[in-house]
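K.L.:
The following block contains the structure, expressed as structure tokens.
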Amino acid sequence: MSELSPTPEYSLDDNAFREQNPMAEFLRMERMPHIWCPGCGIGTVVTSFAEAIKAGGYDMDKIAVVSGIGCTGRVAGYVKFDSFHTTHGRAIPFATGLKLANPELKVVVISGDGDLTSIGGNHLIHAARRNMDMTVICVNNFTYGMTGGQVTPTTPTSANASTTPYGNTEPAFSLPFLVDAAGATYVARWTSLHARNITKSIGEAMKHRGFSFIEVISPCTTLYQRRNRLGDGVSAMEYYREDGEIQHGADTRTVDIGYQGKIAMGKFVDRPRDTYLDAVVKHLTSVIGDDYELYGKTPMEKKAEEEARKSAAGKGESADICEDGC
Amino acid sequence: MAEFPKIVSADPKGVLTGRHFMDGDHALAEGALAAGCRFFAGYPITPSTETAERFAERCPEVGGLFIQMEDEIASITANVGAVWGGKKVMTVTSGPGFSLMMETFGLAAMMEVPMVIADVQRGGPSTGLPTLTAQQDMMQVRWGSHGDYRIIALVPDSPQECFDLAVEAFNLSEIYRVPVFIMTDETVGHMHEKVVIPPAEEIKVVERNWYTGPKEEYRPYKFDGKHGAPMVKAGDGYRFHSTGLTHDERGYPALTAEDNKKLLTHLIQKIDNNADKIIRVEESGLEDADIVVVSYGITSRIAIRAVQVAREQGLKVGFLRLITVWPFCENKIRELAGRVKAIVVPELNYGQIVLEVERAAAGKCKVISVNSCGGAVHDPEEILTAIMEGAK
Ligand SMILES: Cc1ncc(C[n+]2csc(CCOP(=O)(O)OP(=O)(O)O)c2C)c(N)n1
Ligand code: SF4
Ligand SMILES: [Mg+2]
């Protein structure tokens, strides 16, 4: 929520509403109302994310959400998973450490275009290159929402932003092309109008082993839309409906977005490749031998287990003896 | 409540028991492994690289993981993430990398993450003297990240102490849920000496203070000004939140001056109130000293030579080596200042810790700085001259 936006007028502190809300399972309802402006697309992404998890039947205790800083960065604070709100641009390296330390986690990064592609751009390409097993959802609203509508690396050329008051002269990153070139193994793009497609893509991305990236073009109604006189959230939906074009499998070199231009959408990349950790474990096993074990049990843990097994065996001897084929 | 701190013997898998001829950088890595560190995200920089290389080589043998990240910001942030993934973590760097890590040190302090960072100091500012020694980051480690917070910083004077203090740093970080820094330097880092690594059962390791109570009652933070709440790791089913924003004990953003006061007071008091327990110094001849030399790290090994010569000349010179530089031993200095003529502070910077000494001495005795621009250790003569001046 930018300093420019009005305080949202909600009356959601009705406990009954909170408990009955179908999202209550996924959201920290005690933190509602959220800070996002009316018409903002971030909420749609959160809903689609929750739907994807519901549909995927995941163990919700094993999902971790990591965000950077920004309006989108606030997502981590609202979702009811192990969730981390880190520093600006650093969600991906944080998520990298989290995933590598506890490989059984499904790690999902949800953050903004500025966060992931400007200050955090270096981390983005390296995580893609390594095929780090995580899902990155980038809410691209073409602007820095949180700080009041400045230009970002994804702002289309000629668009107006508070730090390009005469129009943006720089070319924009085409994110699918960027992450594809860097090595991402799953890449999709939708707009916030296409909630069901986002849900489906998030589901696929979370099942995918490796670095999956989903860009969601989304309106910042308060800043980007207003400053460029593009109307409200409804106008943004009209634009997405008219100019969004499904092009599954499109060559990512062709999917850049000009100012109010066509938006190519769909799944662009889905290819298998060893994840970072798969490659490490495979290689070390081949070099060191079969007794290589990542975070293998410590000798003390093994001893404790051994003892526990012995004492359990002492209690239920008969079962053990039979299993041994007596 | 569960036993706290829970002290166990080191896991033998990570302990290279024996007598070694080893440099300080390698000893740091061995100390970390002995302390149970199993994750290390790092980025190469002289003169710290050997620690990362050692870790990379040793990791597979102990089931740990080393990853070379794209830069120091990524390294330190991955380490913070890995702590929440349940691991004990360390990284090493030097000046330029240390500067890059600053923002995340604040995050680590704010999230109350136990972790260890070693700065093998080299001459600065900027790229400075990549291969030459210095102690110029002593204030940076204390104040370098924005905002108010506390950290712990230890300074080894030998490869042996690199090993010993690495274990101690991990233990302190687990007890106080705070980033702990090992402020070594190029000379200690590259100096080869005897390093004795004891048998695993003689190495005492503080285990993470794992939470074991009911899930509904779990709070990631406790602003008690003591040592903070027990921890869980992501994936344990607590579904908790942690943020760099000012937060409440649930970890939820709480953004008023009042909330900030509760949080900050805790971050500060858990170190300040335990300073006496944390601080370690080595001292000799303080009882009847007229002059005291206060030093730390490699400089103390030069200073001790000057102290010996001065004593041979009949001067009553005491020697105080700071093993813990932060929190600062201000009570000790205050007490000394009340009864000695002068305190001499040699250090490989233009006068950093001497400022703390002056603050604590509060004008009660002379404080003489023997500063340096780094690049080489002192000549004992310089320190001797300062001792003589103090004796006047
Ligand atoms: C190191 C650092 N620099 C700058 C900021 C200020 N800042 C906060 S959010 C933000 C931009 C966020 O933009 P984006 O990632 O696109 O998220 P949005 O708000 O648009 O969702 C900036 C520059 C910061 N918090 N930290
Ligand atoms: S991105 Fe724009 S519309 Fe959305 S909450 Fe931020 S300022 Fe409001
Ligand atoms: Mg944005």
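K.L.:
Would you mind checking segment B:222-254 for residues with the amide N under 18 Å from a putative spin-label position 7 Å along Cα→C-beta of B:Phe4?
P.N.:
B:222-233, B:248-251
K.L.:
Excluding A:Gln225 itself, what net charge comes from residues whose Cβ is under 12 Å from its Cβ, given Lys and Arg +1 and Asp and Glu -1?
P.N.:
Details: positive: A:Arg226, A:Arg227, A:Arg229; negative: A:Asp232, A:Glu238.
Net local charge, A:Gln225 excluded: +1.
K.L.:
Tell me which aspartates and glutamates have Cα within less than 20 Å of B:Lys364's Cα, excluding those fewer than 8 residues away on the same chain?
P.N.:
B:Glu287, B:Asp288, B:Asp290, B:Glu330, B:Glu335, B:Glu356, B:Glu389
K.L.:
For segment B:253-392, report the convex hull volume of the alpha-carbon atoms normalised per residue, in Å³, without decimals.
P.N.:
On the way: hull volume 18.1 nm³, N = 140.
Taking the convex hull of the Cα positions in segment B:253-392, it is 129 Å³ per residue.
K.L.:
Which one of B:Ile151, A:Met265, B:Tyr296 is farthest out on the positive end of the charge dipole of the protein assembly as shown, using unit charges on Cβ (Lys, Arg +1; Asp, Glu -1) and the Cα centre as origin?
P.N.:
In the protein assembly as shown, that residue is A:Met265.
K.L.:
Under 20 Å Cα-Cα from A:Lys282, which lysines qualify once same-chain neighbours fewer than 8 residues away are excluded?
P.N.:
A:Lys99, A:Lys297
K.L.:
Considering every residue in B:244-251, what mean count of other chain Cβ atoms within 10 Å of its Cβ is obtained? All intermediate terms of the calculation are to be shown ahead of the outcome.
P.N.:
Working: counts 7, 5, 0, 2, 0, 0, 3, 4.
That average works out to 3.
K.L.:
Okay, moving on. Using the structure shown, list the pairs from B:Lys277/B:Lys332; B:Lys6/B:Lys270; A:Lys310/B:Lys204 with a Cα-Cα distance above 23 Å, or answer none.
P.N.:
Numbers: B:Lys277/B:Lys332 13 Å; B:Lys6/B:Lys270 18 Å; A:Lys310/B:Lys204 28 Å.
Pairs exceeding the cut-off: A:Lys310/B:Lys204.
K.L.:
Also, I was wondering about something else. Where does chain B land on Rg/Rh, using Cα atoms and the Kirkwood Rh? Kindly include the intermediate steps, with their values, before the conclusion.
P.N.:
On the way: Rg = 20.9 Å, Rh = 21.4 Å.
Using only Cα positions, Rg/Rh for chain B is 0.98.
K.L.:
Using a cut-off of 12 Å between alpha-carbon atoms, which aspartates and glutamates can reach B:Lys194, once sequence neighbours fewer than 8 places away in the same chain are excluded?
P.N.:
Straight-line reach from B:Lys194, under 12 Å: B:Asp23, B:Glu161.
K.L.:
In addition: Take the alpha carbon gyration tensor of segment B:116-240, find the square roots of its eigenvalues, order them as a ≥ b ≥ c, and report rounded if a/c is under 1.5; if not, report prolate when a/b exceeds b/c, else oblate.
P.N.:
Working: a/c = 3.05, a/b = 1.60, b/c = 1.90.
Oblate, since a/c reaches 1.5 and b/c is not below a/b.
K.L.:
Using only alpha-carbon positions, what ratio does the radius of gyration of segment A:48-95 give when scaled by 2.2 N^0.38 Å? Numbers along the way, then the final one.
P.N.:
On the way: Rg = 11.1 Å, N = 48, 2.2 N^0.38 = 9.6 Å.
Computed over Cα atoms of segment A:48-95, the ratio equals 1.16.
K.L.:
How many partner chain Cβ atoms sit within 10 Å of a residue's Cβ in peptide A:274-281, on average, as a whole number? Show your work: numbers first, answer last.
P.N.:
Details: counts 0, 0, 1, 2, 0, 0, 5, 2.
Neighbouring Cβ atoms belonging to other protein chains average 1 per residue here.
K.L.:
Also, quick follow-up: Suppose every K and R has +1 on its Cβ and every D and E has -1 on its Cβ; what is the size of the dipole of chain B about the Cα centre, in Debye to the nearest 20?
P.N.:
Details: 40 positive and 53 negative charges, 169 e Å.
I would put it at about 820 debye.
K.L.:
Here's a follow-up. Among B:84-95, A:170-181, how do they line up by average Cβ neighbours within 10 Å per residue, starting with the highest? Write out the running numbers ahead of the final one.
P.N.:
Details: B:84-95: 27.5, A:170-181: 20.5.
Per-residue mean Cβ counts within 10 Å order the peptides as B:84-95, A:170-181.
K.L.:
Please list B:312-322, A:220-230 highest first by mean number of surrounding beta-carbon atoms within 10 Å per residue. Before the final figure, lay out each step's value.
P.N.:
Details: B:312-322: 18.6, A:220-230: 21.2.
My ranking of the peptides, most packed first, is A:220-230, B:312-322.
K.L.:
Right, something else. Once amide H atoms are built 1.01 Å from N in the peptide plane, which residues 5 or more positions from B:Val367, or in another chain, come under 5 Å H to H?
P.N.:
B:Ile343
K.L.:
With a cut-off of 13 Å, note down the residues of segment B:79-115 whose backbone N falls inside the zone around a label point 7 Å from the Cα of B:Thr265 toward its beta carbon.
P.N.:
The answer is none.
K.L.:
Out of every Cα pair in segment A:14-275, what percent are spaced more than 28 Å from each other?
P.N.:
Tail of P(r) above 28 Å: 27 percent of Cα pairs.
K.L.:
Of the cross-linked pairs A:Lys80/B:Lys226; A:Lys62/A:Lys106; A:Lys80/B:Lys233; B:Lys316/B:Lys392; B:Lys88/B:Lys261, which ones have a Cα-Cα span greater than 18 Å in the structure shown?
P.N.:
On the way: A:Lys80/B:Lys226 29 Å; A:Lys62/A:Lys106 6 Å; A:Lys80/B:Lys233 15 Å; B:Lys316/B:Lys392 12 Å; B:Lys88/B:Lys261 29 Å.
Too far apart for the 18 Å limit: A:Lys80/B:Lys226; B:Lys88/B:Lys261.
K.L.:
Find which of B:Met139, A:Val79, B:Val317 sits farthest along the positive direction of the dipole of the protein assembly as shown, computed with +1 on the beta-carbon of Lys and Arg, -1 on that of Asp and Glu, about the Cα centre.
P.N.:
Of the listed residues, the answer is A:Val79.
K.L.:
Tell me the net charge near B:Glu72. Cut-off is 12 Å between Cβ atoms, B:Glu72 excluded, with +1 for each Lys or Arg and -1 for each Asp or Glu.
P.N.:
On the way: positive: A:Arg90; negative: B:Glu70, B:Asp71, B:Glu103, B:Asp119.
Around B:Glu72, the charge tally is -3.
K.L.:
Follow-up question, since we're still on this one. Grab the other residues whose beta carbon is less than 14 angstrom from that of B:Ala342, score K and R as +1, D and E as -1, and report the net. If you can, show how the numbers build up before the last one.
P.N.:
Numbers: positive: B:Lys316, B:Arg339, B:Lys341, B:Lys364, B:Lys366, B:Lys392; negative: B:Asp290, B:Glu358, B:Glu389.
Around B:Ala342, the surrounding residues sum to +3.
K.L.:
Averaged over peptide B:64-77, how many Cβ atoms belonging to another chain are found within 10 Å of each residue's Cβ? Before the final figure, lay out the partial values.
P.N.:
Values: counts 3, 10, 1, 9, 0, 8, 10, 4, 0, 8, 12, 2, 4, 13.
Other-chain Cβ atoms within 10 Å of each residue's Cβ, averaged: 6.
K.L.:
Can you give me the Cα centroid spacing of segment B:135-205 and segment B:342-386 in angstrom?
P.N.:
22 Å
K.L.:
What whole-number distance in Å separates the alpha-carbon centres of segment A:20-56 and segment B:1-76?
P.N.:
41 Å
K.L.:
Please report how far the C-alpha centroid of segment B:295-332 lies from that of segment A:131-164, rounded to the nearest whole angstrom.
P.N.:
55 Å
K.L.:
Using only DSSP helix segments of four residues or longer, with each worth -39500 (n - 2.57), what per-residue ellipticity at 222 nm results for the protein assembly as shown after dividing by its residue count and rounding to 500? Intermediate values should be presented prior to the final figure.
P.N.:
Working: 24 runs with 263 residues, N = 718.
Computed mean residue ellipticity for the protein assembly as shown: -11000 deg cm²/dmol.
K.L.:
Please list A:191-201, A:255-265 highest first by mean number of surrounding beta-carbon atoms within 10 Å per residue.
P.N.:
Details: A:191-201: 21.6, A:255-265: 18.0.
My ranking of the peptides, most packed first, is A:191-201, A:255-265.
K.L.:
Taking a ≥ b ≥ c as the square roots of the eigenvalues of the Cα gyration tensor of the protein assembly as shown, is the shape rounded (a/c under 1.5), prolate (a/b larger than b/c) or oblate? Please list the in-between numbers first.
P.N.:
Numbers: a/c = 2.00, a/b = 1.54, b/c = 1.30.
Prolate.
K.L.:
Put +1 on the Cβ of every Lys and Arg and -1 on every Asp and Glu Cβ in segment A:137-285; which of A:Leu223, A:Ser201, A:His248 then has its Cα farthest towards the positive end of the dipole?
P.N.:
Positive-most Cα among the choices belongs to A:Ser201.
Every number in this text was worked out from the coordinates using simple rules, so none of it is lab data. For clarity, every value in this text was computed on a predicted model and none was experimentally measured. Glycine also receives a Cβ, built like all others from the backbone with ideal geometry; neighbour counts cover every protein chain displayed.
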